[in-house]
Every structure is written in structure tokens, then in C-alpha cells.
Amino acid sequence: MHLLSQLNAQQRLACETTEGPVLVLAGAGSGKTRTLTFRVAYLIRELGVPADQILAFTFTNKAAQEMRGRVEELVGGLVRTMWLGTFHAIAARILRQEIGHLGYNPRFAIYDAEDSRNLVREILRELGLDDKKWPPAQFLAQISRAKNAFQGVEDWADTTFWGQQVYEVYRRYQERLRALNALDFDDLIFLTVRLFDRHPEVRDDYHQRFRYILVDEYQDTNLAQYRMIRHLAEGHRNLCVVGDDDQSIYGWRGADIRNILEFQREFPEAVVIRLEENYRSTGNILAAANAVVRHNRQRLGKELWTRKPEGDRIAYYQAPDESAEAWQAAQIIGLAVQKGLRPSDCAILYRTNAQSRAFEMALGRVGLSYRLVGGKRFYERKEVRDLIAYLKVLYNPQDDMALLRVINFPRRGLGEVALERLTQYQRQHGLALYEALTQAEAVPGLSPAGQRAALELCEAFARWRSWAESGDLAGLVRMVAEESGLMPLYRREGTSEAEDRLENLGELISEAHRFQEDQGSRELGDFLGWLALVSEWDQTDEAGEGVWLMTVHSAKGLEFPLVVVTGLEEGLFPHQRAFEEAAGVEEERRLFYVAMTRARERLVLMRAESRTVQGRTQANLPSRFLAEIPAELLEPVDFARPRSPVAERGATCFNLGETVTHPRFGRGTVVATRGEGEETEVTIAFPGGGVRSFLAKYAQLIKEA
């Protein structure tokens, strides 16, 4: 049997078109990896190309290992000499052999992110810059963007005050790396391109070495990667790039969609092959995805189709708020599991990590295990734990463990030496650490700067304690998040990771707002006690079966029988940051296209009519993407609204299955209880308001006779 007989006509054409540049536009679920694998096998087995004359780039080590394994199944050990790996791995391999041409020792070190941060921190100290006000991560993000855009120190042109600070740090950073004979990750590709630019004789050697070059996920390449590819392909011009312009979703980290859109301009003789047959999704899902992405102008154009049935229409739910949205998602998945799906056949996708909190709670409380991808569970995230630690100290100044966590974070001049002096004084006088802080001026060996920092921290806690008496719990949490320096720190960093951390802090503020509204208590102690309970609910098994929780970015390349896409509101999906750039909304639309095409059989779309953000409840318009789906493909599902009867404080003893009424959420069913008497915590499922837990002494619940 011929090697390529297992492929469809377009896949086979992509394998057999071996000479000259080839652009393979591989739609979602169209067999991209299979096609790449068979193309390599075809070159080796059918055309007799030595494997060491083939170079293939992937974006992850996992993808490289998978491709090598699949090719080996087809051609055996012949594949072992092929150059196959990530851009960074290939660049490092080239530089180990050739970096001497640039004056480096081939035994260079490769610095990871932590090494780079520490080096920049040293440089900031040398420049007399406070790394609380000038976060190292902010400088490294700028330096990384410059290198990925192939801008060396000598190319820096930003003459603003901030730009000049970045220039000075960038200059010293590169000088120090050079002195240390070290490269960071971005240098690997940057210096490979520089090597080829400045030493054509080296470039020509690699032209002769590699007759065939393949690039996976070409839509995700940045300028530096593009230039590396161009250099290597100039010899034989047998360059095959595989990608999908409709799945270009990493512009925020430097990917340049123009690389794939302008491929034919760079290589006028290129053959374009479209893989449009989809093996994953039903007809209705593909029709909806095609209709949405067609609104983008920056695309080369293709139309996915399938031999599968049309399948169910796309269910669309409008929930009253984010808690109801999460409860409904949990119910949909619970019902699907009852009908035979495994929990791991189901995925809940959201735009930002901060949204995971509501889904973690809802799934945990209905007994569905879940697996969180691309991040820690909400209450395990560093920034969330940091803010909670501040609140714990505020409520209980004797809590040394909580204070130790945040005494110097964000950094305030109470480092290891100062802490050692304080703890010695604390032990000698039998004090709590907080009490030692209040007596900072009497602590032997504590510097004047350390004394100042300690007393300023105590003053902050005193100020927050005074505010706490106002009874505005959400306002208190917001004040602590701001004045502790946590939120300003992440705002200054300005990275995508820092944005996620800001959103998570905002979600904890919103949690305080919901607590005071739902539980009827504005006491910090009650809130902290409730947080301990809900974080305990979150401890579900990650290793076994579990519903997948992840951002849409994390879902790229995956597929599931049932997918629930949530948060489809203007300002969230598309994200408000998208409105800052002309191409931003188009990238968000591609992201929604990716979300839709993860579903094999059932796709559910959801939005909340109101959402609490940083403690403030706001009404949101439906996402514009919903209006781009043809009406005949959508099946709107009504959401039952809770009624709001007049209520009074009721009993504190509840039984599973009892019907009760809450003054805000209406009638619901008791699904769990914990504790006794006034300390009872009761968990109630409301048809239109989600699943919520209350402390019985505050909940104002009425039992139904």
C-alpha cells in the first residue's frame, strides 16, 4: 500500500509538492500534524532524502517529540539524524557550533527567566533605581519585545524618559550577559540571525546542509523567527510552512500574523494548499465558526466542511450573573455525565484566568472533579494568598505566619537582615511579630530605613483597621489591595502575567462584595472564615477524571465532545484591551473561532447579564461575536429568574433536600450542610441564581412549610 493512500486529496498534495515554497493553510481539525508527519516520511521513504538534510521547526518540545515518534513509526530509525525541534533548540544547536564567529565561547550558559530577573535587579541597584517602582519584569518584557522585533541595543530609538531607562538597563544587561558568556532565550534566535547576517559563509554552509525545511504553526512566528527561517531557506527554497491564519492568537506575545498573510509576497512562486475538510466537529459547529471568522479582514480565506452530520444546534444561555453562569455550566456537564460522557470529555473555556473561581466552586459543590489547566486553583494563586495574608494580619495581628508571608512583599526595605533583627527582638521579649514591628525604634541593629518601613506598615494596618469599622467589606479589601502595594506593583509591571494577577486580585475584591450581599455580613472575620471553607471545597482530584477548566489560549490544539464557552460579553470576550489596537478585535474573533472549533459534538455558549468586577457590579452587553452567528444555528435557552420575597431571619438547622427561600435569590434546595447551630454553613442550589453557601446566622433563610 502506498504511504500516502491514507490521506485525503489535499493532504496528499501537501506531501507530494516537495520542490519550492509551499504554504499549507490547515484549518482546525483538518489533520495538520498527520500531514506534516507524512510529508517528512514521504521525503525520506519515497524520495530517498537523507534525514539529516531535513530541518523541522515546532513551537513546543511536546510537538517535536510527537512528530519524531510518528515519523519513526513510518520510516523507522532513519529519522534519528533529522534536525527536529523548537526554534530555541535549533538555534542553540547552531550556536554551539558557530557562536565563536561572534566572539562568544561555545560553552555559553543559557539564562532562564529567574536568572534574567536577578541580573536586571542587580543592574537596577547599580543605577540607584528602586525595583518596587521599577519592576525587573517590566524591563525584561520590553527587552524581549525588542529582541523579537530584532532591535538590538544599537537600534533603540525611544527617547522618552521611560525609553531612556529601558535603554540603559538593556545596554548593561547585554554587557553583563556577554561578560558572563551567557545568553537568554531571546538571544538564541537573535544571535543566530545576527550570525547569518554577518557571516554569509556560515549561512551558506547551512544552505547546503538543509535541502528541505518545514515550519509548524507558522502563524505564531515573530519577526526574529521569520528572519531565521528566511536565512535557512534561501539556498534551496524548499520551504513548507503549515499554519492557520484564523488561529493566530498570540499577537500579545510577539507573533506577527503578517508572516503568514504575506508569505506569497515573500515567495511569489509559492504553492498554496488549503486543508479544509474537518474531522472533528459537526456541521452546525463549523457553519457557526465559519460565519464568525468571515467577519475578519486580515485572512487568506478558507471554508471548513465535514462529512459528519449537522448535529445539535448551539445552545445559548444568558445567566443573571457569573455565579448563575457557573452553576448552569456545572448542571449542563452533570447531566451530560449522567447520559454517558466522562467528566474529562467536557471543557469549560473562559477568556481570563480570574473567571475560573466561580467554575471551581460550582463544580466542586456538585461533586464533579475538575482539572485546571494553565494556572493554579484560584485560592492557591500567589497574589490571592498574599492579599488574604494581609487580611489575616489585619483581623488577627498575632498571626505570625501570615505576616511573614507579606512583611516584605511588595518589597519595602524589610529584607532578611531586618527580619532577623525583628525576630530576635520578638523572641527575647515574648512578642508577636506584629508587636515587634510596632516597637521598631527599640529593635537593636535595625537600620533607620528598616525602622521607618516597619512603622509605615503598622500605620497602614492601623488605617485599614479604622476603615474596617465603616462596614464596607469590599471597600476594605480594595483599600488593602491598593495600599499594600500589591495592585500598583502589577500595574507597573505591565506584562500579560501581571494583568492576570490584577484580575485575580479584582476577583477577590468582588468575592468580598458578593459575600456581604449574599451572606448579610460585613465582618472581616466572617469573610475569612468563609474563604477557608470555600477554598476547602476546591480541593478536588486533579489526577483522575475531571472536567477541564482552562482559558481559550490554553485550549488551542485540544478537542472535546462537549465545550462550554463562557463570559461572552463586551469588555470580557472580546477583552477590553482589544479595543486599544486596530487589529485587537480581529485577534479576539480568531480566539473565539478557536474556542468554537474545540467542540466535537456539542457547543454551549454563555454570558452573564451582570458581572462583579473589583467589587462593583456592572451590566454587560452581549459579545458582538454572538450576533455574528446565524440565528438558525443558535438555540437560546431561557434562564429562570429568582423571585425576591420579603423574608426574616429563620432557622439555623437544615436538612438535605429542603426547600428554602432567600431574600435575594428566591427559592432553592439545600444540597449540603456543615457545622452546628449558628455556625452552620448551608449550601443551596437556586434554579436561576447558581449554587451558593451561607452562614446560617446571617443568611435570613426561610424554610418552606
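The values are calculated or read from the model by the stated rules, or taken from the named source; none is laboratory data. Since we're looking at a predicted model, the values are computed, not measured. All Cβ positions, glycine included, derive from the backbone under ideal geometry; neighbour counts span all protein chains shown. The accessibility values were calculated without ligands, DNA or RNA, using every heavy atom of the protein model including side chains. Shrake-Rupley method; radii C 1.70, N 1.55, O 1.52, S 1.80 Å.
Taken over the C-alpha atoms, segment 84-182 has Rg and Dmax values of 14.5, 45 angstrom.
To put it simply, the accessible area of segment 1-74 at a 1.4 Å probe is 47 percent carbon and sulfur.
Extension gain for the segment residue 581 to residue 157, taken as residue separation times 0.36 nm less the Cα-Cα distance, is 150.5 nm to one decimal.
Expressed per residue, the C-alpha convex hull volume of segment 7-131 stands at 182 Å³.
Think of the chain as having a plus end and a minus end, set by charges on the Cβ of Lys, Arg, Asp and Glu; of 672, 153, 248, 248 sits farthest toward the positive end of this dipole. Given in Å, the Rg to one decimal and the Dmax to the nearest whole number for the Cα atoms of segment 345-452 are 19.5, 62.
Ignoring ligands, DNA and RNA, what accessible area per residue does the chain give at 1.4 Å, in Å²?
Working: 29190 Å² over 705 residues.
Each residue of the chain exposes 41 Å² on average to a 1.4 Å probe.
The angle between the Cα long axis of helix 496-518 and the main principal axis of the chain comes to about 30°, on a 0 to 90 degree scale.
Once you sort the root eigenvalues of the Cα gyration tensor of the chain as a ≥ b ≥ c, which label holds: rounded (a/c under 1.5), prolate (a/b larger than b/c) or oblate (the other case)? Judged from the Cα gyration tensor, the chain comes out oblate (a/c at least 1.5, b/c at or above a/b). Seen against the Cα atoms of the chain and their longest principal axis, helix 416-429 is set at about 20 degrees.
Using only the alpha carbons of segment 154-291, what is the convex hull's orientation-averaged projected area in square nanometres? Show your work: numbers first, answer last.
Values: hull surface 49.5 nm².
Average of the hull's projected areas for segment 154-291 equals 12.4 nm².
Each residue, residue 181 and residue 411, gets one label point 7 Å from its Cα in the Cβ direction; the gap between the two is 2.9 nm.
Label-to-label distance, residue 467 versus residue 441, with points set 7 angstrom from Cα along the beta-carbon direction: 2.6 nm. Against the chain, whose longest principal axis comes from its Cα atoms, helix 382-395 is set at around 10 degrees.
When a/c is below 1.5 the answer is rounded, else prolate if a/b is larger than b/c, else oblate, so apply that to segment 9-79 with a ≥ b ≥ c taken from the square roots of the Cα gyration tensor eigenvalues. It is oblate, given that a/c is not under 1.5 and a/b is not larger than b/c.
Each Lys and Arg adds +1 at its Cβ and each Asp and Glu adds -1 at its Cβ; summed about the Cα centre, the chain shows a dipole of about 840 debye.
On the protein heavy atoms, probe 1.4 angstrom, tell me the percent of accessible surface of segment 544-633 carried by carbon and sulfur.
Details: 1580 of 3130 Å².
Percent of accessible area from carbon and sulfur atoms in segment 544-633: 50.
Below 8 Å between Cα atoms, with a sequence gap of 6+, how large is the relative contact order for segment 112-206 in percent?
30 percent
With contacts taken as Cα pairs under 8 Å at a separation of at least 6 residues, the chain carries a relative contact order of 15 percent. Can you give the FRET efficiency for residue 545 and residue 376, using 1/(1 + (r/R0)^6), R0 = 25 Å, r = Cβ-Cβ distance, to the nearest 0.05? In this case the efficiency is close to 0.80. Under 5 Å from the amide H of residue 569 lie the amide H atoms of 623, each residue being 5 or more positions distant or on a separate chain, with H modelled from the backbone and absent for Pro and chain starts. The calculated FRET efficiency for residue 492 paired with residue 164, based on their beta-carbon distance and R0 = 25 Å, is about 0.90. For segment 416-521, what class follows from the C-alpha gyration tensor (a ≥ b ≥ c being the square roots of its eigenvalues): rounded when a/c is under 1.5, otherwise prolate if a/b is larger than b/c, else oblate? Oblate, because a/c is 1.5 or more while a/b does not exceed b/c.
Count neighbours as other Cβ atoms within 10 Å of each site's Cβ, and list the trypsin sites (Lys or Arg not before Pro) in segment 382-458 that are DSSP loop with at most 16 such neighbours. It would help to have the intermediate numbers written out before the result.
Working: sites: 382, 385, 392, 405, 411, 412, 421, 427, 452; in loops: 411, 412.
For trypsin sites (Lys or Arg not before Pro) across segment 382-458 that sit outside H, G, I, E and B with at most 16 neighbouring Cβ atoms in 10 Å, the list reads 411.
Distance from the Cα centroid of segment 419-439 to that of segment 478-510 is 30 Å (rounded to whole angstrom). Enclosing the Cα atoms of segment 271-419 in their convex hull gives a volume equal to 232 cubic angstrom per residue.
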